[in-house]
Amino acid sequence: MDPPGTGVQIVETEERKGTSYHTMKDLRNGNVVRNVTRSSARKLWRYAITEHESNPVKEGQVQWHGNLGVWKSSKRAGKLRFDLVQRMPDGQLHVYYGVTEDGIDGAWRVFTEENSA
């Protein structure tokens, strides 16, 4: 299953001298940017980093549909945005922050349909 087509994923986090440096993946174009800090990040990335550091995903609180889940949804910047989770075959969780409806296709669509009902 492919990740959503919008939003951002934190691929890796490394701490150096008390500062967390994140490797971010832009889901729109697949670009990977290294050494992103909370203070250097733009809005969506800052949101993702803040959530990742302060409010990590709790697997038991995710609304699951098979191995796909929605962690949160909220309206930001005039658009409905989702924080989605994918459970990988090895049990690892991939979290996709700030996904908009236009980036949700295929099996992910179940989450937009539930929110429009």
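The values are calculated or read from the model by the stated rules, or taken from the named source; none is laboratory data. All of these numbers come straight from a predicted model, not from anything done at the bench. So basically every Cβ, Gly included, is an ideal-geometry build from the backbone, and we count neighbours across all protein chains shown. What goes into the accessible areas is simple: the full protein's heavy atoms, side chains included, and nothing from ligands, DNA or RNA. Shrake-Rupley method; radii C 1.70, N 1.55, O 1.52, S 1.80 Å.
For beta carbons closer than 6 Å, sequence separation of 6+ or different chains, a first residue in segment 48-62 that is without any contact (Cβ under 8 Å) to a residue 40 or more places away in the chain and a second that is open to solvent by 80 Å² or more (accessible area, probe 1.4 Å), the qualifying pairs are ILE49/ARG38. Can you find even one residue in segment 102-109 that is in contact with a Leu (Cβ under 8 Å, 6 or more places away or on another chain), assigned to a strand (DSSP E or B) and not aliphatic (A, V, I, L, M)? No, every residue in segment 102-109 fails to be in contact with a Leu (Cβ under 8 Å, 6 or more places away or on another chain), assigned to a strand (DSSP E or B) and not aliphatic (A, V, I, L, M). Within the option set ASN67, ASN29, being touching a residue at least 60 places away in the same chain (Cβ under 8 Å), within 21 Å of ASP105 (Cα to Cα) and open to solvent by 40 Å² or more (accessible area, probe 1.4 Å) holds for one residue only, ASN67. Out of everything in segment 70-93 that is open to solvent by less than 80 Å² (accessible area, probe 1.4 Å) and not in a strand (DSSP E or B), what residue ends up being farthest from GLN9 (Cα to Cα)? Once the filter is applied, the top-ranked residue is GLY78. Selection over segment 18-28 of residues that are over 18 Å from ASP83 (Cα atoms) and not in a strand (DSSP E or B) gives a count of 1. Candidates are the residues of segment 32-60 that are polar (S, T, N, Q) and more than 15 Å from the chain's Cα centre (by Cα); the one that is most open to solvent (accessible area, probe 1.4 Å) is SER39.
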